[in-house]
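Have a look at the structure below before the remarks.
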Amino acid sequence: MPDTTYLDWPFFDDSHRQLASALREWAKSEIRSGAESDDVDEECRSLVRRLGAGGWLRQVVPAQNGGSRPQLDVRSLCIAREILAYESALADFAFAMQGLGTGAISIFGTDEQRERYLPRVAMGETIAAFALSESEAGSDVTAMSCSAKRRNSGYVIDGEKTWISNAGIADHYVVFCRMPEEGDRRFGAFIVDADNPGLSVSDRIDVIAPHPLGTVSFENCVVPAEALIGKAGKGLSVALGTLDLFRPTVGAAALGFARRALEEALGWVTQRRAFGQPLAQFQLTQAKLADMAVAIDASALLVYRAAWTRDTGATRITREAAMAKLFATESAQQVIDDALQLLGGRGLVSGAPVERLYRDIRALRIYEGTSEIQKLVIAGRVLSEMTVGVDGSIAHGVAGAPPQ
Ligand SMILES: Cc1cc2nc3c(=O)[nH]c(=O)nc-3n(C[C@H](O)[C@H](O)[C@H](O)COP(=O)(O)OP(=O)(O)OC[C@H]3O[C@@H](n4cnc5c(N)ncnc54)[C@H](O)[C@@H]3O)c2cc1C
(Lines give C-alpha, C1' and ligand atoms only; values in the text may rest on other atoms or scores of the structure.)
Protein backbone atom coordinates (compact mmCIF):
# COMPACT_ATOMS: atom_id res chain seq x y z
CA MET A 1 0.00 0.00 0.00
CA PRO A 2 1.62 3.29 -1.05
CA ASP A 3 1.83 6.37 1.15
CA THR A 4 -1.54 8.18 1.11
CA THR A 5 -0.80 10.87 3.71
CA TYR A 6 -0.45 13.47 0.93
CA LEU A 7 -4.25 13.42 0.68
CA ASP A 8 -4.27 15.32 3.99
CA TRP A 9 -2.43 18.21 2.36
CA PRO A 10 -4.49 21.41 2.06
CA PHE A 11 -4.89 21.00 -1.73
CA PHE A 12 -7.70 18.48 -1.24
CA ASP A 13 -11.23 18.26 0.14
CA ASP A 14 -13.22 15.23 1.26
CA SER A 15 -14.50 14.53 -2.25
CA HIS A 16 -10.90 14.00 -3.41
CA ARG A 17 -10.15 11.67 -0.51
CA GLN A 18 -13.30 9.67 -1.25
CA LEU A 19 -12.39 9.42 -4.94
CA ALA A 20 -8.88 8.23 -4.08
CA SER A 21 -10.03 5.60 -1.65
CA ALA A 22 -12.84 4.23 -3.87
CA LEU A 23 -10.68 4.15 -7.01
CA ARG A 24 -7.78 2.52 -5.19
CA GLU A 25 -10.07 -0.31 -4.05
CA TRP A 26 -11.58 -0.70 -7.52
CA ALA A 27 -8.23 -0.63 -9.29
CA LYS A 28 -6.78 -3.22 -6.93
CA SER A 29 -9.55 -5.70 -7.67
CA GLU A 30 -10.48 -4.82 -11.26
CA ILE A 31 -7.20 -3.96 -12.95
CA ARG A 32 -4.90 -6.90 -13.04
CA SER A 33 -1.56 -5.49 -11.98
CA GLY A 34 1.00 -6.09 -14.66
CA ALA A 35 -1.57 -7.37 -17.16
CA GLU A 36 -0.31 -7.33 -20.71
CA SER A 37 -2.54 -8.79 -23.36
CA ASP A 38 -0.99 -9.85 -26.63
CA ASP A 39 -3.64 -7.73 -28.31
CA VAL A 40 -3.00 -4.23 -27.01
CA ASP A 41 -5.95 -2.77 -28.94
CA GLU A 42 -8.40 -5.21 -27.36
CA GLU A 43 -6.86 -4.64 -23.92
CA CYS A 44 -7.35 -0.87 -24.31
CA ARG A 45 -10.93 -1.21 -25.54
CA SER A 46 -11.68 -3.46 -22.59
CA LEU A 47 -10.06 -1.02 -20.12
CA VAL A 48 -12.10 1.88 -21.52
CA ARG A 49 -15.30 -0.15 -21.17
CA ARG A 50 -14.44 -1.16 -17.59
CA LEU A 51 -13.41 2.35 -16.58
CA GLY A 52 -16.68 3.62 -18.07
CA ALA A 53 -18.81 0.98 -16.37
CA GLY A 54 -17.09 1.76 -13.07
CA GLY A 55 -18.08 5.43 -13.44
CA TRP A 56 -14.44 6.62 -13.37
CA LEU A 57 -14.53 8.25 -16.81
CA ARG A 58 -17.12 10.68 -15.46
CA GLN A 59 -14.06 12.57 -14.18
CA VAL A 60 -12.98 13.47 -17.73
CA VAL A 61 -16.09 15.43 -18.81
CA PRO A 62 -18.19 18.21 -17.24
CA ALA A 63 -21.38 17.39 -15.27
CA GLN A 64 -23.64 18.85 -17.95
CA ASN A 65 -22.48 16.09 -20.30
CA GLY A 66 -22.49 13.14 -17.95
CA GLY A 67 -19.51 14.05 -15.78
CA SER A 68 -19.06 14.14 -12.02
CA ARG A 69 -18.26 17.80 -11.50
CA PRO A 70 -19.42 21.08 -13.03
CA GLN A 71 -16.03 21.55 -14.71
CA LEU A 72 -12.99 19.38 -15.21
CA ASP A 73 -11.27 19.11 -11.83
CA VAL A 74 -7.54 18.75 -12.37
CA ARG A 75 -6.94 17.39 -8.87
CA SER A 76 -9.41 14.56 -9.55
CA LEU A 77 -7.77 13.83 -12.91
CA CYS A 78 -4.36 13.72 -11.24
CA ILE A 79 -5.55 11.49 -8.39
CA ALA A 80 -7.14 9.10 -10.88
CA ARG A 81 -4.04 8.93 -13.09
CA GLU A 82 -1.73 8.46 -10.12
CA ILE A 83 -3.79 5.58 -8.73
CA LEU A 84 -4.35 3.87 -12.09
CA ALA A 85 -0.67 4.24 -13.05
CA TYR A 86 0.28 2.57 -9.76
CA GLU A 87 -1.63 -0.54 -10.90
CA SER A 88 -1.23 -0.50 -14.68
CA ALA A 89 0.32 1.85 -17.24
CA LEU A 90 -2.26 0.80 -19.82
CA ALA A 91 -5.18 1.55 -17.49
CA ASP A 92 -3.73 5.00 -16.90
CA PHE A 93 -3.27 5.45 -20.65
CA ALA A 94 -6.88 4.44 -21.41
CA PHE A 95 -8.19 6.90 -18.81
CA ALA A 96 -5.85 9.74 -19.82
CA MET A 97 -6.66 9.58 -23.53
CA GLN A 98 -10.40 9.80 -22.90
CA GLY A 99 -9.61 13.12 -21.21
CA LEU A 100 -6.95 14.47 -23.58
CA GLY A 101 -8.95 13.39 -26.63
CA THR A 102 -11.99 15.35 -25.48
CA GLY A 103 -10.37 18.15 -23.45
CA ALA A 104 -10.59 20.58 -26.36
CA ILE A 105 -14.32 19.84 -26.71
CA SER A 106 -14.96 20.17 -22.96
CA ILE A 107 -13.08 23.46 -22.68
CA PHE A 108 -13.65 25.16 -26.05
CA GLY A 109 -16.53 23.24 -27.72
CA THR A 110 -20.11 24.33 -28.36
CA ASP A 111 -23.04 22.87 -26.41
CA GLU A 112 -23.90 20.75 -29.45
CA GLN A 113 -20.35 19.38 -29.77
CA ARG A 114 -20.23 18.58 -26.06
CA GLU A 115 -23.59 16.84 -26.08
CA ARG A 116 -22.74 14.83 -29.18
CA TYR A 117 -19.34 13.53 -28.07
CA LEU A 118 -18.84 13.70 -24.30
CA PRO A 119 -21.56 11.51 -22.73
CA ARG A 120 -20.51 8.39 -24.64
CA VAL A 121 -16.83 8.99 -23.83
CA ALA A 122 -17.76 9.24 -20.14
CA MET A 123 -19.63 5.92 -20.36
CA GLY A 124 -16.67 4.19 -22.03
CA GLU A 125 -18.73 3.58 -25.17
CA THR A 126 -16.52 5.57 -27.52
CA ILE A 127 -12.76 6.21 -27.64
CA ALA A 128 -11.12 9.60 -28.17
CA ALA A 129 -7.80 10.76 -29.66
CA PHE A 130 -5.77 13.98 -29.87
CA ALA A 131 -3.95 14.53 -33.18
CA LEU A 132 -1.42 17.36 -33.09
CA SER A 133 2.03 15.94 -33.95
CA GLU A 134 3.38 15.37 -37.44
CA SER A 135 6.62 13.82 -38.65
CA GLU A 136 8.09 17.28 -39.30
CA ALA A 137 6.21 19.04 -36.49
CA GLY A 138 6.80 17.57 -33.03
CA SER A 139 8.14 20.07 -30.51
CA ASP A 140 7.67 22.80 -33.10
CA VAL A 141 3.95 22.30 -33.65
CA THR A 142 3.64 25.49 -35.70
CA ALA A 143 5.60 23.72 -38.46
CA MET A 144 2.57 21.49 -39.12
CA SER A 145 1.52 21.08 -42.73
CA CYS A 146 -1.82 19.26 -42.39
CA SER A 147 -4.28 21.84 -43.68
CA ALA A 148 -7.99 22.66 -43.53
CA LYS A 149 -9.42 24.78 -46.34
CA ARG A 150 -12.94 26.03 -46.79
CA ARG A 151 -15.09 24.04 -49.17
CA ASN A 152 -18.77 24.92 -49.61
CA SER A 153 -20.12 25.33 -46.08
CA GLY A 154 -17.48 23.09 -44.48
CA TYR A 155 -13.74 22.32 -44.65
CA VAL A 156 -11.52 19.86 -46.46
CA ILE A 157 -8.59 18.39 -44.51
CA ASP A 158 -5.42 17.09 -46.19
CA GLY A 159 -2.23 15.86 -44.55
CA GLU A 160 -0.88 13.38 -42.03
CA LYS A 161 -0.65 13.17 -38.24
CA THR A 162 1.75 10.77 -36.57
CA TRP A 163 2.53 9.44 -33.05
CA ILE A 164 -1.23 9.50 -32.46
CA SER A 165 -2.29 7.53 -29.40
CA ASN A 166 -5.42 5.45 -29.97
CA ALA A 167 -4.88 5.59 -33.77
CA GLY A 168 -6.90 2.70 -35.12
CA ILE A 169 -9.19 2.24 -32.12
CA ALA A 170 -10.49 5.80 -31.69
CA ASP A 171 -14.05 6.68 -32.68
CA HIS A 172 -13.13 10.34 -33.16
CA TYR A 173 -10.02 12.49 -33.37
CA VAL A 174 -9.47 16.12 -32.44
CA VAL A 175 -7.25 17.19 -35.33
CA PHE A 176 -5.17 20.37 -35.45
CA CYS A 177 -4.64 21.89 -38.89
CA ARG A 178 -3.04 24.86 -40.55
CA MET A 179 -5.73 27.24 -41.93
CA PRO A 180 -3.93 29.12 -44.73
CA GLU A 181 -7.04 31.11 -45.64
CA GLU A 182 -7.05 32.67 -42.16
CA GLY A 183 -3.48 33.93 -42.58
CA ASP A 184 0.09 32.91 -41.83
CA ARG A 185 0.51 30.75 -38.68
CA ARG A 186 -3.24 30.40 -38.27
CA PHE A 187 -4.59 27.06 -37.13
CA GLY A 188 -7.86 25.30 -36.41
CA ALA A 189 -9.05 22.37 -34.29
CA PHE A 190 -11.56 19.95 -35.83
CA ILE A 191 -13.48 16.92 -34.60
CA VAL A 192 -13.22 14.19 -37.21
CA ASP A 193 -15.14 10.92 -36.82
CA ALA A 194 -13.07 7.80 -37.50
CA ASP A 195 -15.48 6.70 -40.24
CA ASN A 196 -15.39 10.07 -42.00
CA PRO A 197 -14.50 9.40 -45.67
CA GLY A 198 -10.92 10.52 -46.34
CA LEU A 199 -9.58 9.52 -42.90
CA SER A 200 -7.45 6.38 -42.67
CA VAL A 201 -4.92 4.88 -40.29
CA SER A 202 -1.93 4.42 -42.54
CA ASP A 203 0.64 3.01 -40.16
CA ARG A 204 0.99 1.55 -36.68
CA ILE A 205 4.03 2.25 -34.48
CA ASP A 206 5.42 -0.18 -31.89
CA VAL A 207 7.13 1.46 -28.92
CA ILE A 208 9.05 0.43 -25.80
CA ALA A 209 5.88 0.06 -23.69
CA PRO A 210 3.08 -1.02 -26.02
CA HIS A 211 -0.08 1.00 -26.51
CA PRO A 212 -2.15 1.77 -29.63
CA LEU A 213 -0.09 4.31 -31.58
CA GLY A 214 0.00 5.21 -35.25
CA THR A 215 -0.24 7.55 -38.19
CA VAL A 216 -3.54 8.99 -39.36
CA SER A 217 -3.89 10.25 -42.94
CA PHE A 218 -6.39 12.75 -44.31
CA GLU A 219 -7.03 12.85 -48.02
CA ASN A 220 -9.76 15.07 -49.33
CA CYS A 221 -11.43 14.59 -45.95
CA VAL A 222 -14.52 16.81 -45.94
CA VAL A 223 -15.98 17.85 -42.57
CA PRO A 224 -18.93 20.14 -41.82
CA ALA A 225 -18.48 23.67 -40.42
CA GLU A 226 -19.79 22.32 -37.07
CA ALA A 227 -16.63 20.20 -36.75
CA LEU A 228 -14.55 23.30 -35.99
CA ILE A 229 -13.77 23.74 -32.26
CA GLY A 230 -13.54 27.38 -31.22
CA LYS A 231 -12.80 30.09 -33.77
CA ALA A 232 -11.16 29.59 -37.17
CA GLY A 233 -7.48 30.58 -36.84
CA LYS A 234 -7.39 30.07 -33.03
CA GLY A 235 -6.54 26.37 -33.01
CA LEU A 236 -3.15 26.87 -31.39
CA SER A 237 -4.80 28.40 -28.32
CA VAL A 238 -7.13 25.39 -28.22
CA ALA A 239 -4.16 23.00 -28.35
CA LEU A 240 -2.07 24.86 -25.76
CA GLY A 241 -5.06 25.47 -23.47
CA THR A 242 -5.83 21.75 -23.53
CA LEU A 243 -2.21 20.72 -22.91
CA ASP A 244 -1.97 23.25 -20.08
CA LEU A 245 -4.74 21.43 -18.24
CA PHE A 246 -3.49 17.91 -18.94
CA ARG A 247 0.26 18.36 -18.38
CA PRO A 248 0.05 18.12 -14.59
CA THR A 249 -1.77 14.81 -15.06
CA VAL A 250 1.26 13.40 -16.92
CA GLY A 251 3.28 14.28 -13.81
CA ALA A 252 0.63 12.50 -11.73
CA ALA A 253 0.99 9.31 -13.79
CA ALA A 254 4.77 9.48 -13.30
CA LEU A 255 4.13 9.85 -9.57
CA GLY A 256 2.02 6.68 -9.61
CA PHE A 257 4.86 4.78 -11.33
CA ALA A 258 7.40 6.15 -8.83
CA ARG A 259 5.27 5.20 -5.81
CA ARG A 260 4.93 1.68 -7.19
CA ALA A 261 8.70 1.44 -7.74
CA LEU A 262 9.38 2.52 -4.14
CA GLU A 263 6.89 -0.06 -2.82
CA GLU A 264 8.51 -2.81 -4.87
CA ALA A 265 11.95 -1.76 -3.64
CA LEU A 266 10.85 -1.62 0.00
CA GLY A 267 9.36 -5.09 -0.24
CA TRP A 268 12.64 -6.43 -1.58
CA VAL A 269 15.24 -4.67 0.59
CA THR A 270 13.50 -5.65 3.80
CA GLN A 271 13.58 -9.38 2.95
CA ARG A 272 16.69 -9.85 0.80
CA ARG A 273 19.75 -10.59 2.91
CA ALA A 274 23.39 -10.01 2.00
CA PHE A 275 26.52 -10.15 4.17
CA GLY A 276 24.40 -11.44 7.04
CA GLN A 277 21.67 -8.80 7.18
CA PRO A 278 18.74 -7.40 5.18
CA LEU A 279 19.73 -4.93 2.45
CA ALA A 280 17.62 -2.31 4.27
CA GLN A 281 20.18 -2.24 7.08
CA PHE A 282 22.92 -0.87 4.85
CA GLN A 283 23.26 2.90 4.89
CA LEU A 284 23.83 3.01 1.12
CA THR A 285 20.43 1.36 0.67
CA GLN A 286 18.85 3.80 3.11
CA ALA A 287 20.35 6.76 1.24
CA LYS A 288 18.69 5.53 -1.96
CA LEU A 289 15.36 5.05 -0.21
CA ALA A 290 15.60 8.57 1.22
CA ASP A 291 16.33 10.06 -2.20
CA MET A 292 13.38 8.18 -3.68
CA ALA A 293 10.98 9.32 -0.95
CA VAL A 294 12.06 12.97 -1.25
CA ALA A 295 11.67 12.89 -5.05
CA ILE A 296 8.17 11.44 -4.70
CA ASP A 297 6.99 14.05 -2.19
CA ALA A 298 8.54 16.91 -4.17
CA SER A 299 6.82 15.66 -7.33
CA ALA A 300 3.49 15.36 -5.53
CA LEU A 301 3.82 18.91 -4.23
CA LEU A 302 4.45 20.29 -7.73
CA VAL A 303 1.74 18.19 -9.38
CA TYR A 304 -0.97 19.04 -6.88
CA ARG A 305 0.14 22.69 -6.61
CA ALA A 306 -0.46 22.99 -10.38
CA ALA A 307 -3.80 21.16 -10.18
CA TRP A 308 -5.01 23.20 -7.19
CA THR A 309 -3.96 26.47 -8.84
CA ARG A 310 -6.05 25.67 -11.90
CA ASP A 311 -9.03 24.34 -9.90
CA THR A 312 -9.16 27.43 -7.74
CA GLY A 313 -9.56 29.84 -10.63
CA ALA A 314 -6.38 30.39 -12.65
CA THR A 315 -7.22 30.38 -16.36
CA ARG A 316 -3.69 29.35 -17.38
CA ILE A 317 -1.12 27.41 -15.35
CA THR A 318 1.60 27.28 -17.98
CA ARG A 319 4.53 27.62 -15.58
CA GLU A 320 3.11 25.40 -12.83
CA ALA A 321 2.05 22.70 -15.29
CA ALA A 322 5.45 22.65 -17.01
CA MET A 323 7.27 22.43 -13.66
CA ALA A 324 5.04 19.58 -12.51
CA LYS A 325 5.49 17.57 -15.71
CA LEU A 326 9.23 18.19 -15.95
CA PHE A 327 10.11 17.39 -12.36
CA ALA A 328 7.73 14.49 -11.79
CA THR A 329 8.64 12.63 -14.99
CA GLU A 330 12.40 13.16 -14.69
CA SER A 331 12.50 12.19 -11.03
CA ALA A 332 10.22 9.16 -11.54
CA GLN A 333 12.74 7.89 -14.09
CA GLN A 334 15.47 8.16 -11.42
CA VAL A 335 13.30 6.58 -8.71
CA ILE A 336 12.51 3.63 -10.96
CA ASP A 337 16.16 3.25 -11.90
CA ASP A 338 17.09 3.24 -8.19
CA ALA A 339 14.42 0.62 -7.49
CA LEU A 340 15.75 -1.57 -10.29
CA GLN A 341 19.28 -1.25 -8.92
CA LEU A 342 18.08 -2.30 -5.47
CA LEU A 343 16.47 -5.40 -6.95
CA GLY A 344 19.72 -6.42 -8.61
CA GLY A 345 19.35 -8.94 -11.45
CA ARG A 346 15.71 -9.56 -10.58
CA GLY A 347 14.89 -6.01 -11.58
CA LEU A 348 15.75 -6.84 -15.17
CA VAL A 349 13.54 -9.89 -15.59
CA SER A 350 11.11 -9.29 -18.45
CA GLY A 351 7.62 -8.63 -17.21
CA ALA A 352 8.63 -8.03 -13.57
CA PRO A 353 6.90 -4.93 -12.15
CA VAL A 354 10.01 -2.73 -11.99
CA GLU A 355 11.24 -3.80 -15.42
CA ARG A 356 7.84 -2.79 -16.81
CA LEU A 357 7.94 0.54 -14.97
CA TYR A 358 11.40 1.15 -16.41
CA ARG A 359 9.87 0.96 -19.89
CA ASP A 360 6.54 2.60 -19.01
CA ILE A 361 8.05 5.83 -17.66
CA ARG A 362 10.21 6.63 -20.69
CA ALA A 363 7.54 8.06 -23.01
CA LEU A 364 6.27 10.49 -20.36
CA ARG A 365 9.45 12.55 -20.69
CA ILE A 366 8.66 12.98 -24.38
CA TYR A 367 4.93 13.21 -25.05
CA GLU A 368 2.86 16.34 -24.38
CA GLY A 369 6.06 18.35 -24.65
CA THR A 370 9.56 16.99 -24.03
CA SER A 371 11.51 17.85 -20.89
CA GLU A 372 13.60 20.31 -22.91
CA ILE A 373 10.46 22.09 -24.10
CA GLN A 374 9.15 22.28 -20.51
CA LYS A 375 12.45 23.95 -19.53
CA LEU A 376 12.03 26.50 -22.33
CA VAL A 377 8.46 27.19 -21.21
CA ILE A 378 9.50 27.65 -17.57
CA ALA A 379 12.46 29.87 -18.42
CA GLY A 380 10.25 31.92 -20.75
CA ARG A 381 7.75 32.55 -17.94
CA VAL A 382 10.46 33.31 -15.38
CA LEU A 383 12.07 35.84 -17.72
CA SER A 384 8.78 37.48 -18.71
CA GLU A 385 7.72 37.85 -15.09
CA MET A 386 10.97 39.62 -14.21
CA THR A 387 11.49 43.38 -14.26
CA VAL A 388 14.96 44.90 -14.22
CA GLY A 389 15.03 48.35 -12.58
CA VAL A 390 17.25 51.21 -13.80
CA ASP A 391 19.59 50.46 -10.90
CA GLY A 392 19.86 46.81 -12.01
CA SER A 393 17.56 45.56 -9.24
CA ILE A 394 15.33 42.65 -10.17
CA ALA A 395 11.65 42.42 -9.23
CA HIS A 396 9.45 39.40 -9.83
CA GLY A 397 5.81 39.79 -10.88
CA VAL A 398 2.80 37.62 -10.25
CA ALA A 399 2.69 34.40 -12.34
CA GLY A 400 1.13 35.18 -15.68
CA ALA A 401 1.31 38.96 -15.24
CA PRO A 402 2.84 40.90 -18.12
CA PRO A 403 6.20 42.59 -17.43
CA GLN A 404 5.70 45.99 -15.80
C1 LIG B 1 4.32 7.19 -26.76
C2 LIG B 1 3.97 8.50 -27.44
C3 LIG B 1 2.63 8.88 -27.54
C4 LIG B 1 2.31 10.07 -28.21
N5 LIG B 1 0.98 10.41 -28.35
C6 LIG B 1 0.66 11.53 -29.04
C7 LIG B 1 -0.72 11.87 -29.27
O8 LIG B 1 -1.64 11.17 -28.83
N9 LIG B 1 -0.99 12.97 -30.01
C10 LIG B 1 -0.01 13.76 -30.54
O11 LIG B 1 -0.34 14.75 -31.18
N12 LIG B 1 1.31 13.47 -30.32
C13 LIG B 1 1.66 12.38 -29.59
N14 LIG B 1 2.99 12.06 -29.39
C15 LIG B 1 4.02 12.88 -30.00
C16 LIG B 1 4.82 13.69 -28.99
O17 LIG B 1 4.04 14.74 -28.49
C18 LIG B 1 6.12 14.16 -29.70
O19 LIG B 1 6.91 12.99 -29.87
C20 LIG B 1 6.86 15.20 -28.91
O21 LIG B 1 6.17 16.43 -28.91
C22 LIG B 1 8.29 15.42 -29.46
O23 LIG B 1 8.27 15.59 -30.83
P24 LIG B 1 9.30 14.75 -31.75
O25 LIG B 1 9.17 13.32 -31.39
O26 LIG B 1 9.04 15.12 -33.16
O27 LIG B 1 10.73 15.22 -31.31
P28 LIG B 1 11.51 16.55 -31.81
O29 LIG B 1 10.61 17.73 -31.67
O30 LIG B 1 12.13 16.30 -33.12
O31 LIG B 1 12.63 16.65 -30.70
C32 LIG B 1 13.79 15.80 -30.70
C33 LIG B 1 14.68 16.25 -29.55
O34 LIG B 1 15.07 17.61 -29.74
C35 LIG B 1 14.73 18.36 -28.60
N36 LIG B 1 14.38 19.74 -28.96
C37 LIG B 1 13.43 20.15 -29.84
N38 LIG B 1 13.39 21.48 -29.87
C39 LIG B 1 14.33 21.93 -29.00
C40 LIG B 1 14.78 23.22 -28.59
N41 LIG B 1 14.22 24.32 -29.05
N42 LIG B 1 15.77 23.30 -27.68
C43 LIG B 1 16.35 22.18 -27.19
N44 LIG B 1 15.96 20.93 -27.54
C45 LIG B 1 14.96 20.81 -28.42
C46 LIG B 1 13.56 17.62 -27.97
O47 LIG B 1 13.41 17.96 -26.61
C48 LIG B 1 13.97 16.19 -28.19
O49 LIG B 1 14.85 15.79 -27.20
C50 LIG B 1 3.33 10.88 -28.72
C51 LIG B 1 4.67 10.50 -28.59
C52 LIG B 1 4.99 9.31 -27.96
C53 LIG B 1 6.44 8.91 -27.86
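Estimate the FRET efficiency between residue 294 and residue 69 by the formula 1/(1 + (r/R0)^6), using the beta-carbon distance for r and 30 Å for R0, to the nearest 0.05. Don't jump to the answer; show the numbers that get you there.
Values: r = 32 Å, r/R0 = 1.07.
Result of the calculation: an efficiency of 0.40.
So if we plug the beta-carbon distance of residue 3 and residue 390 into 1/(1 + (r/R0)^6) with R0 = 51 Å, what FRET efficiency do we get, rounded to 0.05? Please report the intermediate quantities before stating the final value.
Values: r = 50 Å, r/R0 = 0.98.
Here the calculated transfer efficiency is 0.55.
State whether the range 122-188 is rounded, prolate or oblate according to the following rule on the C-alpha gyration tensor (a ≥ b ≥ c being the square roots of its eigenvalues): a/c under 1.5 gives rounded; otherwise a/b larger than b/c gives prolate, and the remaining case gives oblate. Please report the intermediate quantities before stating the final value.
Details: a/c = 2.55, a/b = 1.41, b/c = 1.81.
Because a/c hits 1.5 or more and a/b fails to exceed b/c, the range 122-188 counts as oblate.
Note the full-extension length gain between residue 301 and residue 195 as 0.36 nm times their separation in residues minus their Cα-Cα distance, in nm to one decimal. All intermediate terms of the calculation are to be shown ahead of the outcome.
Numbers: separation 106, 0.36 × 106 = 38.16 nm, distance 4.26 nm.
Length gained, residue 301 through residue 195: 33.9 nm.
Suppose the chain between residue 286 and residue 375 were pulled fully straight at 0.36 nm per residue; how much longer would it get relative to their current alpha carbon spacing? Spell out each step's value before the answer.
Details: separation 89, 0.36 × 89 = 32.04 nm, distance 3.10 nm.
Length gained, residue 286 through residue 375: 28.9 nm.
Which of the trypsin sites (Lys or Arg not before Pro) found in the range 78-171 are loop residues per DSSP with 16 or fewer other Cβ atoms within 10 Å of their Cβ? Don't jump to the answer; show the numbers that get you there.
Values: sites: 81, 114, 116, 120, 149, 150, 151, 161; in loops: none.
Taking the range 78-171 and a limit of 16 other Cβ atoms within 10 Å, no loop trypsin sites (Lys or Arg not before Pro) are found.
With springs only between Cα atoms under 10 Å, which of 96, 352, 131 fluctuates most in a Gaussian network model of the chain?
352
What FRET efficiency comes out for the pair residue 15/residue 140, r = Cβ-Cβ distance, R0 = 45 Å, nearest 0.05?
Details: r = 40 Å, r/R0 = 0.89.
After rounding, the FRET efficiency stands at 0.65.
Can you pull the percent of the range 130-233's accessible area that's carbon plus sulfur, 1.4 Å probe, other chains left in place? Don't skip to the answer; put the middle values down first.
Numbers: 2030 of 4600 Å².
Roughly 44 percent of what the probe reaches on the range 130-233 is carbon or sulfur.
What does the charge count around residue 375 come to, taking other residues whose C-beta lies under 13 Å from its C-beta (Lys +1, Arg +1, Asp -1, Glu -1)? Mind dumping the intermediate values first?
Working: positive: 319, 325, 365, 381; negative: 330, 372.
Local net charge: +2.
Under a Cβ-Cβ cut-off of 13 Å, what is the net charge of the residues other than residue 308 that fall near it, where Lys and Arg count +1 and Asp and Glu count -1? Don't skip to the end; give the middle numbers.
Details: positive: 75, 305, 310; negative: 13, 73, 311, 320.
Net local charge, residue 308 excluded: -1.
What is the sum of charges around residue 250, taking Lys and Arg as +1, Asp and Glu as -1, for the other residues whose C-beta is under 9 Å from the C-beta of residue 250? Please report the intermediate quantities before stating the final value.
Values: positive: 81, 247, 325; negative: 368.
So the environment of residue 250 carries a net charge of +2.
I'd like the accessible area for residue 1: 1.4 Å probe, protein heavy atoms, all chains in place, Å² to the nearest 10.
Taking all protein chains as shown, residue 1 has close to 140 Å².
For the chain, set up a GNM with springs between Cα atoms under 10 Å and report which of 357, 72, 19 has the largest fluctuation.
For the chain, modelled as a Gaussian network with Cα springs under 10 Å, the answer is 19.
Can you give me the long-range amide H partners of residue 229? Hydrogens built in the peptide plane at 1.01 Å from N, cutoff under 5 Å, separation of 5 or more residues or another chain.
Placed amide hydrogens put 189, 190, 191 under 5 Å from residue 229.
With a 1.4 Å probe and all protein chains left in place, how much accessible area per residue does the chain have, in Å²?
On the way: 17840 Å² over 404 residues.
Solvent-accessible surface per residue comes out at 44 Å².
In whole angstrom, how far apart do the alpha carbon centroids of the range 155-212 and the range 64-92 sit?
With the range 155-212 and the range 64-92 each reduced to a Cα centre, they are spaced 24 Å.
Relative contact order of the range 68-194: what whole-number percent is it, with Cα pairs under 8 angstrom and at least 6 residues apart? List each step's numbers first, then the result.
Numbers: 174 pairs, mean separation 25.1, N = 127.
Relative contact order, the range 68-194: 20 percent.
In the range 175-316, if the dipole is taken from +1 on Lys/Arg beta carbons and -1 on Asp/Glu beta carbons about the Cα centre, which of 284, 242, 269 is farthest to the positive end?
Result: 284, furthest along the dipole toward the positive end.
Quick one: order 68, 21 from most to least accessible surface, probe 1.4 Å.
21, 68
Return the long-range amide H neighbours of residue 222 (sequence gap of 5 or more, or a different chain), with a cut-off of under 5 Å between placed amide H atoms.
Counting only residues 5 or more places away or on other chains, the set is 157.
Cα gyration tensor of the range 5-127, axes a ≥ b ≥ c as square roots of the eigenvalues: rounded (a/c below 1.5), prolate (a/b > b/c) or oblate? Don't skip to the answer; put the middle values down first.
Values: a/c = 2.10, a/b = 1.08, b/c = 1.95.
Here the range 5-127 falls in the oblate category.
Out of the DSSP beta bridges found with both residues in the chain, what percent are antiparallel (nearest 5)? Numbers along the way, then the final one.
Values: 33 of 40 bridges.
Just about 80 percent of them are antiparallel.
What helices does the chain have that are whole DSSP H segments, at least 27 Å long along their own axis by Cα, and with mean Kyte-Doolittle hydropathy of 0.5 or more? Each step should come with its number before you reach the end.
Numbers: long enough: 89-108 (29 Å, 1.31); 235-269 (50 Å, 0.76); 283-311 (41 Å, 0.33); 318-343 (37 Å, 0.17).
The answer, listed by residue number, is 89-108, 235-269.
Could you work out which residue, out of 207, 303, 61, moves most in a Gaussian network model of the chain, that is, has the largest mean-square fluctuation with Cα springs under 10 Å?
Evaluated over the chain, the most mobile residue of the options is 207.
The values are calculated or read from the model by the stated rules, or taken from the named source; none is laboratory data. None of the values given here were measured: they were computed from a predicted structure. Positions of Cβ are generated from backbone atoms using ideal geometry, with glycine treated the same way; all protein chains shown enter the neighbour counts. The area values use the complete protein model at the heavy-atom level, side chains included, leaving out ligands, DNA and RNA. Shrake-Rupley method; radii C 1.70, N 1.55, O 1.52, S 1.80 Å.
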